[in-house]
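The values are calculated or read from the model by the stated rules, or taken from the named source; none is laboratory data. A quick note: this is a predicted structure, and the numbers were derived from the prediction, not measured. Please note: Cβ atoms are built from the backbone with ideal geometry, for glycine as well, and neighbour counts cover all protein chains shown.
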Amino acid sequence: MSQVYDLAFDNEGNVYAAGIASGNAAVVKLDSTGNEIWRNDLVVAMMSNRIAIAQEVFVNDSGQVFVSCSREVGSSAVARLSNDDGSILWNRDVRGVSRSNSQVGRHSRIFCSQDYVHFIIDAESSQNKGTYLHTFNFNGGGYDLYRLPKNTGIGYYGLIKRGLFYSHSIVNPNTPNEQNFISEVRMINNEIDLDSIVMLSKPNFMNIIGLHNNKFYGIRNDDLGNNTYSPTLVHIDSVTGDIIYDEHFRPRPDTVKNGGVNICTMTDEYGILVSGGTITNNSQNVDGYKWFAQIDPSTAEVLWDTLIITLGTYGIDYILSSGERHFTIGKYSNSIHELTVPKIGWTPSSTERVTEKKKSKIYPNPASNVLHLEIHNPQSKVMIYTIEGKLMKETRGDQKQLDISGYPSGMYFVSVIEPNNKIETFKIVKE
């Protein structure tokens, strides 16, 4: 492979690499020692004359392999591959709602929950700007499209845990009306369910990497002023969204500054493993370094770190982990390296609590004329939007009905915003 963009792992110790080979999307399955088992150079339907990237690969607990592909013309595809030989079992186009030359990490994610595969992607075309969630069953059917609230930007990579997907998101970024929250995507009764934990801290995209002890763990890159930057470990209450703890950490050598991290990982026993880039503190002779470090999740202490000089000013390696094995990939190279790191004896408790189940009810669904509202807090605001993000109606939580008889048929979102800024979101179909 000429470039590696993502890795996935199965329960038998095999590694799956996604990226580019000979100008086409490719996925390679490797055994635990790095020997190739199979390789599939994916030719996306009708686009074989264009550069394609196997952007992300996901393997569920049953060993089923899914891949997302982006193309230079701004379209994407989702495919399921045979675990035996890598052949395509089915592939689906999601044309028109992806970004041209999209990159792994911040702008898309593929994951599974229950019997469904989900593909979330940020679109930038003028007609379709927004963040979309595409859902298919494992046989490639049962297609559903869910649009997140308009002008929502999804955070870096996100966390997949027990069939749920968590991502830091910002609505209306870089505007006076920006909102900062953690999104939770799950399936309930074969329906997509989206919950949000509103954060009152200053919005700044972060990588959600862990959920333990009733709190999320995230990494963000902060501007400390005076042209100095540093990554920051953040602990967030998983119910209230409050920042419990945040602490900067930087490379230990005092000859470097302006450290920043890319996609990193957090596992039991090993804590947090980060990769990033940094430069020398001498403005007369700027050298760039790849930076690898192991961080204590409780204190943000840098337990060890190492610098590798690069030809550019910053390193761009990612760290991905199966839990027991840890790998770095260079997104603009064909390198996959395994890291051997010490266990630090950090094992969180098994106590986990995430967003509470919805307390409000809105029915019937589908509806023709009237929606009945049972809103938990009568002081809440109730807002109904089109799938394009147009506000159709705003009312109070003490209202019992909402007349939608004059609305065009289609899909709508109803947001219930409590006084503490907790948001419940419902998807409604108008017949």
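Below are the figures for this structure:
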quantity: Every pair of residues 6+ apart whose Cβ atoms lie under 6 Å, when the first sits in the range 9-38 and is assigned by TED's automatic domain parsing to the domain that holds Q55 while the second is among the β-branched types (V, I, T) and not in a strand (DSSP E or B); calculated: G23/I51
quantity: Filter pass, R99 being modelled with pLDDT under 95 and part of a strand (DSSP E or B); calculated: no
quantity: Among (1) assigned to a loop (DSSP other than H, G, I, E, B); (2) farther than 26 Å from N204 by Cα; (3) at pLDDT 70 or above, the one test that F327 misses; calculated: (1)
quantity: Selection from the range 254-312 of residues that are in a loop (DSSP other than H, G, I, E, B), closer than 23 Å to G323 by Cβ and either of a type in the set (V, I, T) or modelled with pLDDT under 80 (or both); calculated: I263, T299
quantity: Complete set of residues in the range 382-406 that are in a loop (DSSP other than H, G, I, E, B), under 33 Å from the mean Cα position of the chain (by Cα) and either surrounded by fewer than 19 Cβ atoms within 10 Å (Cβ to Cβ) or among the aliphatic types (A, V, I, L, M) (or both); calculated: I387, E388, G389, K390
quantity: Looking only at the range 115-141, and only at residues there that are at pLDDT 75 or above and assigned to a loop (DSSP other than H, G, I, E, B), the one that is farthest from A25 (Cα to Cα); calculated: D115
